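Values quoted throughout were computed directly from the atomic coordinates according to the rules given, and no laboratory measurement underlies them. If you're wondering where the values come from, they're calculated on a predicted model, not measured in any experiment. Glycine also receives a Cβ, built like all others from the backbone with ideal geometry; neighbour counts cover every protein chain displayed.
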Amino acid sequence: MQGCYNYSIPNKYLINDPHSINKGALACERHRKVWYAMKHELKISGMSCGMCAKRVEKALLGVAGVQSVSVDLATGTALVDADAAVELSQLKKAVEDSGYEVI
């Protein structure tokens, strides 16, 4: 089993847990916290209101392997935490299928 020490969080040894549902996640064995392997930042055009941001968030959460999404209407960005298996093309397709464009 591979592991690493997370220097930003004292006394946390992170392991790559092969039994985890999220195979791309790093888990803190002692505290059972999970850090996902991939973070994506998408710049999105076409959002003009809070409902637009919610539609994009819902579309991204619908992609298998996506764990969390934060959409910022003011900056036009979406921050996505996902398993390592999630590809950028899957995220772009989800956004485009919901009526917006990834730039």
Quiz prompt | Charge sum, other residues only, whose C-beta stays under 13 Å from ASP97's C-beta, Lys/Arg counted +1 and Asp/Glu -1 | solution = +2
Self-check item: Contour excess over end-to-end distance, with Cα ends at LYS54 and SER89 and 0.36 nm allotted per residue
Solution: 10.6 nm
